[in-house]
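Here the structure is laid out as structure tokens; the discussion comes afterwards.
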Amino acid sequence: MTNLFDKTILQEPQEAIEFITNILESATEYSIIGKDLEGRILLWNEGARRLYGYEPEEVVGRKNSSVLHTPEDIAAGKPAAILEAVLKEGKWAGTVERVRKNGERFTASVVITPRRDTSGDPIGFLLISKNISDEIRLNEELKSTQFYTRSLIESNIDALMTTDPLGIISDVNKQMQELTGYSREELIGSPFKQYFTDRDRAEEGIKLVLREGKVTNYELTVSAKDGRETVVSYNASTFRNADGRLQGVFAAARDITEQKKLEEQLRESESYNRGLIEASVDGLITVDPQGLISDVNEQMARMSGYAREELIGTPFADYFADADQATAGVNETFDKGIVTNYVLTLTTRDDRALRVSFNASIFKDPSGDVKGIFASARDITEQSELQMQLAEERAYNRGLIEASLDGLITVDPMLNITDVNETMCRMSGYKREDLIGSAFPQYFTDPKRANLGVRQTLDEGAVTNYELTLKTKGRDEILVSFNAAIFKDEDGAVRGIFASARDITEQAKLQDQLAEEQAYNRG
């Protein structure tokens, strides 16, 4: 038998009892409970008092250990099964739900061993337990945090990766796999630098991060598995553990191929500035601080009917029906730095009136001094006419809707009301603002049938003479005949249904009377 302590301390019984008592009382984090074979509690340490809430005098020699189990476990015979396993196997360890004195439940990690007499026969049990509810909660929180972090990494539009301080990849996201053409398993554990055309520069990027703590906009060219090359902007920083110890580098690689192309295009556009101005479909014009035209493009000359040479050096305001408004637009641009959608009427050389929308901003010289304004003029004559026609069409449509003797209503695919006419408001007793946005089926005595009517319309394209009973705000019931059809947007997508509701209460009564009359006559 293993010598766990100096046996000389057992020579004096009282001294041995005090020694063991001190051990039990000092174990405050663990509950230590001794009980006989019937479950009667014989030993209750300080840890048990703190964990379960019972004072020793309340339980020692007075209570059965069953008070620690949940009623469900007792009903299922779990305590007896556990003790049987202890006697059979010599030990039982696991987690169980426990109950405190105040009724509060918690999860405990429990180890139970048999107590034996000098002959080796079992005389009871020793239970050591610990509350692990917080451990379980923290473990769940950790899993949740890890899942959240992983979701953030995978949802990022950039390629993300982590490396250890030696530049060996330790983690990647899906974007990194797509960028390189390698699987996650192939990437993890391999050197970061081997996936770039300039390996020395890639390695220097890692070293720079380790020296400086971070690096931004570090350009590298990724060499993919299939030979593709992608210019990326490498942004990285170091990350450390809770103790502040360096763990590695976290890096994001953004594909800037398009950005590089745009930069090249920008340089070309600056070189061929005049060409772009002349290629504009809008009239372009510059005005100096005195309100005089300093430059125009050919489109502006065509719109106005004047040659470029005739326009340059003349007052900007002279070419508009309302010169004061044109001057005010120029002044507003100089004051605010920019104006948008400023509408003016351009008077052409042949006396035509063109509605134009101006967007203008100031421009400066390299010293920062304002040199004038640059404006684009878009001919919106046709657009203005279309807007007027649209307004008239909407007014006409609204008039048709409101002139109907039937209740008219539109419903979206989610069964919400999107529009009604005044007749529908009078029939239902509700205001238009109460109806719009509410669920269509709720206004009928049989919501399921109303729901089915909308679905049938969406599926078949139309329904006719679909009878429903409208339930008004005043709790009256009106029998209505619905005729409905779907309506679509310009792309052909179904936007909802348009339905008319006709009150057929009197018609139904007449039909019933007619049927009775016919039956009577037949009789």
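Need pairs with beta-carbon distance below 7 Å; first residue more than 13 Å from ARG495 (Cβ to Cβ) and within the range 412-440, second of a type in the set (Asp, Glu) and assigned to a helix (DSSP H, G or I); sequence gap 6+ or separate chains.
Correct list of pairs: ASN421/GLU402; GLU422/GLU402.
Taking helices (runs of 4 or more DSSP H) that fall entirely within the range 41-86, which contain at least 2 residues that are surrounded by 17 or more Cβ atoms within 10 Å (Cβ to Cβ), at negative phi and touching a residue at least 24 places away in the same chain (Cβ under 8 Å)?
46-52
Farther than 24 Å from ILE123 by Cα, out of contact with any Cys (no Cβ under 6 Å at 6 or more places or on another chain) and of a type in the set (Lys, Arg): does that describe ARG100?
yes
Taking the residues in the range 157-167 that are surrounded by 15 or more Cβ atoms within 10 Å (Cβ to Cβ) and β-branched (Val, Ile, Thr) as candidates, determine which candidate is farthest from ILE206 (Cα to Cα).
Among residues in the range 157-167 that are surrounded by 15 or more Cβ atoms within 10 Å (Cβ to Cβ) and β-branched (Val, Ile, Thr), the one farthest from ILE206 (Cα to Cα) is THR162.
Filter the range 170-189 down to the residues that are surrounded by 14 or more Cβ atoms within 10 Å (Cβ to Cβ) and polar (S, T, N, Q), then identify the one that is nearest to ALA159 (Cα to Cα).
Result: GLN175.
Pairs only if they're at least six apart or on different chains, beta carbon under 7 angstrom, first in the range 329-355 and farther than 30 Å from ASP369 by Cβ and outside the structural domain of VAL370 (by TED's automatic domain parsing), second assigned to a helix (DSSP H, G or I) and modelled with pLDDT of 90 or more; list them, first residue then second.
Pairs that qualify, where the first residue is farther than 30 Å from ASP369 by Cβ and outside the structural domain of VAL370 (by TED's automatic domain parsing) and the partner is assigned to a helix (DSSP H, G or I) and modelled with pLDDT of 90 or more: there are none.
Rundown of residues vs (1) at positive phi; (2) over 42 Å from the mean Cα position of the chain (by Cα); (3) part of a helix (DSSP H, G or I), yes/no style:
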{"position": "ALA484", "(1), (2), (3)": "no, no, no"}
{"position": "GLY496", "(1), (2), (3)": "yes, no, no"}
{"position": "ALA499", "(1), (2), (3)": "no, no, no"}
{"position": "ARG502", "(1), (2), (3)": "no, yes, no"}
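Take the residues of the range 139-183 that are among the aliphatic types (A, V, I, L, M) and in contact with a helix residue (DSSP H, G or I) (Cβ under 6 Å, 6 or more places away or on another chain): which is nearest to ASP255 (Cα to Cα)?
In the first step, residues of the range 139-183 are kept if they are among the aliphatic types (A, V, I, L, M); the result is 142, 152-153, 157, 159-161, 166, 168-169, 172, 176, 179.
Of the ones still in play, those that are also in contact with a helix residue (DSSP H, G or I) (Cβ under 6 Å, 6 or more places away or on another chain) are 159-161, 169, 172.
Details: ALA159: 8, LEU160: 12, MET161: 14, ILE169: 19, VAL172: 16 Å.
Among them, the one singled out is ALA159.
Please list, ordered by residue number, the helices (runs of 4 or more DSSP H) wholly in the range 115-216 having 2 or more residues that are closer than 22 Å to ARG228 by Cβ and assigned by TED's automatic domain parsing to the domain that holds ALA253.
Because the criterion is at least 2 residues that are closer than 22 Å to ARG228 by Cβ and assigned by TED's automatic domain parsing to the domain that holds ALA253, the helices (runs of 4 or more DSSP H) in the range 115-216 that meet it are 174-180, 184-187, 199-212.
Give the residue that is farthest from LEU160 (Cα to Cα), with candidates limited to residues of the range 236-245 that are outside any loop (DSSP other than H, G, I, E, B) and modelled with pLDDT under 90.
Going through the qualifying residues, I end up with ARG240.
Residues checked against (1) in contact (Cβ under 8 Å) with a residue 24 or more places away in the chain; (2) not charged (D, E, K, R):
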site: ASP171; (1), (2): no, no
site: GLY189; (1), (2): no, yes
site: PHE192; (1), (2): yes, yes
site: ASP198; (1), (2): no, no
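What is the number of the single condition among (1) in contact (Cβ under 8 Å) with a residue 24 or more places away in the chain; (2) in a strand (DSSP E or B) that TYR466 does not meet?
Here TYR466 clears every test but (1).
Determine whether GLY474 is touching a strand residue (DSSP E or B) at 6+ places or on another chain (Cβ under 8 Å), assigned by TED's automatic domain parsing to the domain that holds ARG502 and in a loop (DSSP other than H, G, I, E, B). Even if it seems obvious, please write down each step before you answer.
Values: touching a strand residue (DSSP E or B) at 6+ places or on another chain (Cβ under 8 Å): no; assigned by TED's automatic domain parsing to the domain that holds ARG502: yes; in a loop (DSSP other than H, G, I, E, B): yes.
No, not satisfied.
The values are calculated or read from the model by the stated rules, or taken from the named source; none is laboratory data. This structure is a prediction, so every number in the text was calculated from the model and none was measured. So basically every Cβ, Gly included, is an ideal-geometry build from the backbone, and we count neighbours across all protein chains shown.
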